[in-house]
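Here's the structure we're looking at; comments come further down.
The values are calculated or read from the model by the stated rules, or taken from the named source; none is laboratory data. Since we're looking at a predicted model, the values are computed, not measured. When we count neighbours, we look across all protein chains shown, and the Cβ atoms used for this are built from the backbone with ideal geometry, even at glycine. Note: accessible area is taken over every heavy atom of the protein model, side chains too, but ligands, DNA and RNA are not part of it. Shrake-Rupley method; radii C 1.70, N 1.55, O 1.52, S 1.80 Å.
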Amino acid sequence: MGDIELSTRYEPAEVSKRWYDFWTEKGYFKALDGDPRKPFCIVIPPPNVTGSLHVGHALDNTLQDILIRHRRMMGYNALWMPGTDHAGIATQNVVERELKKEGLDRHLLGREKFVERVWQWKGESGGKIINQLKELGASCDWDRARFTMDEGLSRAVREVFVRLYEEGLIYRANYITNWCPRCQTALSDLEVEFADRNSHLYSIDYELADGSGKLTVATTRPETMLGDTAVAVNPEDGRYKQHIGKMVRLPLAGREIPVIADSYVAMDFGTGALKITPAHDPNDFEMGKRHNLPTLAVMGKDGRMINVPPRYLGHSREDCRKMVVEDLKEKGLLGDVVAHKNAVGECYRCKTTVEPYLSMQWFVKTAPLAAEAIKAVENGDIKFVPQGWENTYFEWMRNIRDWCISRQIWWGHRIPAWYCTDCGHINVSRTDVAHCGKCQSKNLEQESDVLDTWFSSALWPFSTLGWPDETEAMKTFYPTQVLVTGLDIIFFWVARMIMMGLKFTGEPPFKTVYIHALVRDAEGKKMSKSKGNVIDPLSLMMQYGTDALRFTICSIESQGRDARLSEKRIEGNRNFVNKLWNASRFVLMNIGEYDGKADLSKLNLAVTDRWILSRLEKTIGYVDSSLERFQFNAVAAHLYKFIWEEFCDWYIELAKPRLLGEDAADKETVRAVLVHVLDNILRLSHPVMPFVTEEIYQKIPGHGESVMIAKYPVSDVASQGKWLNRNVEDEMEIVMEIISSIRSIRQELGISYSVELRAVVKCQSAAAVAKVLEHKQSILSLSRAAALDVSTDAARPPQSATAIHAHSEIYVPLAGLIDIDKEKGRLEKERAKVSKEIEMFDKKFSDGNFVKNAPPEVLEKDRANYAELKLRLAGLNDSIGWLNP
């Protein structure tokens, strides 16, 4: 066979594309409907069709791909269902911006032509993120890719809407909604993001109509007073009891409005008198219904003033506020103006300040749906990982409000309702309506609103599998096994999928919900363009390779903690990929004619062979159990420790002299163990680092068609697997302690490896002495020591560096190796410097104001530096102690 070589450098870009194309051509990503194998299905959180791969996508999809590749190698019928979301508001905004560049807008085009234009844009640019997911290595069954507005999903959307409407769970009502004046559409509560703003609390005098005095109200929005229809006070508030039922004059508007009593009013906020604007505040709207107050809208859909005195008509709400304040001041009706910070709602898409707006909208009655969804989690049908997220889910679900599902845009699923212009009947139907179901008139107008994007997304786990038809895919893969997603869409998406899945299939849409971390920068700060700390995964993949990025993502994904990502960390893991590459290259260059078919159990294995096989067995068990528990960072840690530290740094180094030896049988044993361990490493690591593992796997003797479809290594650690050997591990631990201690002493005291030194080892028993002496040659070779004395009664020689372990004590006599006085002076100078830095941190941490006010990331960094300095000081003290006579 001859030696098989890998190239001197790993070239990730070329390798990644070649193997991804190979996997695709071979059809390895495909799952089979009706297959007898155990199914394992994940539905991808569909990225917006407008999207481009960001670090959140990279984390989310890497974790899903790890799970899918693992199960596929375990022999499951594994389906990762891909697709994209039509992203109503976002996509419409993108196309409207393009039209603006051409001097057009959607109204000039008309609805039909505009929707055609969006489909055209989707065809040309909408697949960008899919190609980027492929670059990431996503092993989705791409032939099944769905789009939330494709024909099948659109049919599912209509079916769900009609059923809910027929059951009275969808209704139409005039209601206060969150309104975006920029997008000119209603938003659900979840589509509003709140930001703290510096504002003012204005006190305004409302004079009593009978001339007996005045009521002073406090408001942050004086422009809305033009739409007031009452002033409310608490019925228990003694300051105002005598005024209940009277009328006050509404400043600047020339109207009289009543003083009403309502227990909702907080007596201790502001003046205790509350202006009521039913058309522009949800709480006022509810109060208005209780007291039969009229509603007067003073702002239009574009946020400009309507139904107001001519001076304010047509002005923006911001300009109107300034004008109202000026006019109140001029009339002597403006009291105190106090600085006030309040949370202001913004549109999640365009960041425009949201306006509470009274309009006719469609709603889903969510309470009956939520009740079943709560039970599914309470009884364990659905589990959240980490479990703490269940409390967040319960809190929201138990206080859920009806879901506003209508949007005043053109791109999306148009609501399947037709209004009869003759009799007013609303016709809701699965198919387009030709005549009124009540009066048979053909004078019908379809509802112009479309459904909230999240309505179709809520059906994703079953609509993508062919529902409402009873397809083979539904029978095979539903319910799905795992949903992987971020905490920011638990309410937007997860809760709604659970409600809809239970309602329309009678089963939960998935068995486990894994909530992953949010990706932050190295300092723990949220990434944003304004901070300049955004990390682009695509450029990182180009620079460091996809495997390095994926391994880094796996290593930082820790349950319950934010994932901190830095370029430095990815660079470090590129070194890890290169370490695996170079180790594999060494193995392949040194296996001679070995064909990969040896039965290890029949070979004369050395202690080091049995040790690496025992460590491999344990690592396989650790990695497999960590994957089962979604402990991704533990998966990365176990792989890193075994590959870099145990296989590369220890076993390969211990094997090198044997490969150069004269014992032909021993050479064959080493080669067989090297190939066996490497083969297992590649299969074990493949779900995390798919490309480099495939490239190497194709070169090892006895390899299969692809590592992607090779059997995943398994180990039954609990029942003491075949190669587990505690005694051998204990024996090698002593050997490695001795070698590591001698190396550390060299490094700590700057003793060159070219300088010969003597090591003295004291063991606890004669048996331990015998074991160490069996490994004497390896110890001398790897520590570069010239002599090794081992006994049970060794005494510490004068001026010796010392290392004490549970099983042994190691002494290295320093006389003659270094200038002891000079080295002692250098170390004492370093100790003084480190002690001064520790003293500075002690002062910092004793300052209560610093600890209280410092940003968490600064505090964390300082504490880490402090701990490092303390360790350094302890090491310096040890080193100085060694040099004393």
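Summarising the amide proton neighbourhood of residue 352: residues at separation of 5 or more, or on other chains, whose placed amide H is nearer than 5 Å comprise 347. Applying both filters, DSSP loop and at most 16 other Cβ atoms within 10 Å, to the trypsin sites (Lys or Arg not before Pro) of region 202-299 gives 239.
With only alpha-carbon atoms in the gyration tensor, what are the semi-axes of the equivalent ellipsoid for the chain, in Å, largest first? Present the calculation step by step, with values, prior to reporting the outcome.
Working: eigenvalues 882, 289, 97 Å².
Ellipsoid semi-axes (Å, largest first): 66, 38, 22.
Near the amide H of residue 77, within less than 5 Å, lie the amide hydrogens of 38, 40, all on another chain or at least 5 residues away, with H placed in the peptide plane.
What does the C-alpha gyration tensor say about the overall shape of region 757-869? Classify as rounded when a/c is under 1.5, otherwise prolate if a/b is larger than b/c, or oblate. Verdict is prolate for region 757-869.
Which three semi-axes in whole Å describe the equivalent ellipsoid of region 267-405, each the square root of 5 times a Cα gyration tensor eigenvalue, listed largest first? Kindly include the intermediate steps, with their values, before the conclusion.
Working: eigenvalues 310, 67, 54 Å².
Gyration-tensor ellipsoid for region 267-405: 39, 18, 16 Å.
Probing with 1.4 Å while keeping every protein chain in the model, the per residue accessible area of the chain equals 44 Å².
Charge dipole of region 656-778 (Cα centre as origin; +1 on each Lys and Arg Cβ, -1 on each Asp and Glu Cβ, all else neutral): 200 debye, rounded to the nearest 20. Each Lys and Arg contributes +1 and each Asp and Glu -1, all at the Cβ; summed about the Cα centre of region 1-106, the dipole is approximately 280 debye.
Here's the picture: charge each Lys and Arg Cβ at +1 and each Asp and Glu Cβ at -1 in region 734-885, and of 851, 773, 744 the one pushed furthest to the positive end of that dipole is 851.
Using the Karplus relation 6.51 cos²θ - 1.76 cosθ + 1.60 with θ = phi - 60°, the per-residue 3J(HN,Hα) values for region 61-77 come to 7, 5, 4, 4, 5, 4, 5, 5, 5, 4, 5, 4, 6, 7, x, 7, 7 Hz, with x marking Gly and Pro.
Computed from phi, the 3J(HN,Hα) profile of region 597-614 under the Karplus parametrisation 6.51, -1.76, 1.60 (θ = phi - 60°) reads 10, 5, 8, 4, 5, 9, 9, 7, 7, 6, 4, 5, 5, 5, 5, 5, 5, 5 Hz, with x in place of Gly and Pro.
Give me the percent relative contact order of the chain, please, defined on Cα pairs under 8 angstrom at least 6 residues apart.
On the way: 1488 pairs, mean separation 114.0, N = 885.
Relative contact order, the chain: 13 percent.
Add +1 for every Lys or Arg and -1 for every Asp or Glu among the other residues with Cβ under 14 Å from the Cβ of residue 11, and state the total. For residues surrounding residue 11, the net value is +1. Looking at region 513-584, the trypsin sites (Lys or Arg not before Pro) that sit in a DSSP loop and have at most 12 other Cβ atoms within 10 Å of their own Cβ are 529, 531.
The phi torsions of region 757-771, fed into the Karplus equation with coefficients 6.51, -1.76 and 1.60 and a -60° offset, translate into couplings of 9, 10, 10, 10, 10, 10, 9, 7, 8, 5, 5, 5, 4, 4, 5 Hz, rounded to whole numbers, with Gly and Pro shown as x.
For the listed residue pairs 667/722; 824/844; 134/351; 17/128; 241/275; 30/641, the alpha carbons are over 25 angstrom apart in 824/844; 134/351; 30/641.
Can you compute the helix-only [θ] at 222 nm over the chain? Use -39500 (n - 2.57) per DSSP H run of at least 4 residues, normalise by all residues, nearest 500 deg cm²/dmol.
Working: 29 runs with 374 residues, N = 885.
Result for the chain: -13500 deg cm²/dmol, rounded to the nearest 500.
Taking the DSSP bridge list for the chain and keeping only pairs wholly inside it, about 70 percent are antiparallel. The Rg/Rh ratio of region 682-792, with both radii computed over alpha carbons and Rh defined as the Kirkwood radius, is 1.15. Can you tell me how region 97-163 classifies by the Cα gyration tensor, rounded, prolate or oblate, using a/c under 1.5 as the rounded cut? Judged from the Cα gyration tensor, region 97-163 comes out oblate (a/c at least 1.5, b/c at or above a/b). For residue 757, the amide hydrogen comes within under 5 Å of the amide hydrogens of 786, 787, counting only partners 5 or more places away or on other chains and with H modelled in the peptide plane.
The distance from the alpha carbon centre of region 496-516 to that of region 4-56 is 26 Å, rounded to a whole number.
Give the residue list of GluC sites (Glu not before Pro) in region 640-721 that are DSSP loop and have at most 14 other beta-carbon atoms within 10 angstrom.
Filter output for region 640-721: 662, 705.
Summing Lys and Arg as +1 and Asp and Glu as -1 over all other residues whose Cβ lies under 14 Å from the Cβ of residue 80 gives a net charge of +3.
With viscosity set to 1.567 mPa s and temperature to 4 °C, compute the Stokes-Einstein D of region 1-103, Rh being the Kirkwood radius across alpha carbon pairs; µm²/s, no decimals. It would help to have the intermediate numbers written out before the result.
On the way: Rh = 17.4 Å.
My calculation gives 75 µm²/s for D.
Rounded if a/c is under 1.5, else prolate if a/b is larger than b/c, else oblate: which is region 642-736, with a ≥ b ≥ c the root eigenvalues of its Cα gyration tensor? In terms of gyration-tensor shape, oblate.
Heavy atoms only, probe 1.4 angstrom, no DNA, RNA or ligands counted: give me 516, 291 ranked by accessible area, highest first. Walk me through the numbers before you get to the answer.
Details: 516 20, 291 65 Å².
Solvent-accessible surface, decreasing: 291, 516.
If you rank 203, 846 by how much accessible surface each has, with a 1.4 Å probe, what is the order from largest down?
Details: 203 20, 846 95 Å².
Output order, biggest surface exposure first: 846, 203.
Cross-link partners of residue 771 among lysines, defined as those whose alpha carbon lies under 19 angstrom from its own and excluding same-chain residues fewer than eight positions apart: 762.
The accessible surface of the chain, taken with every protein chain in place and a 1.4 Å probe, is 49 percent carbon and sulfur.
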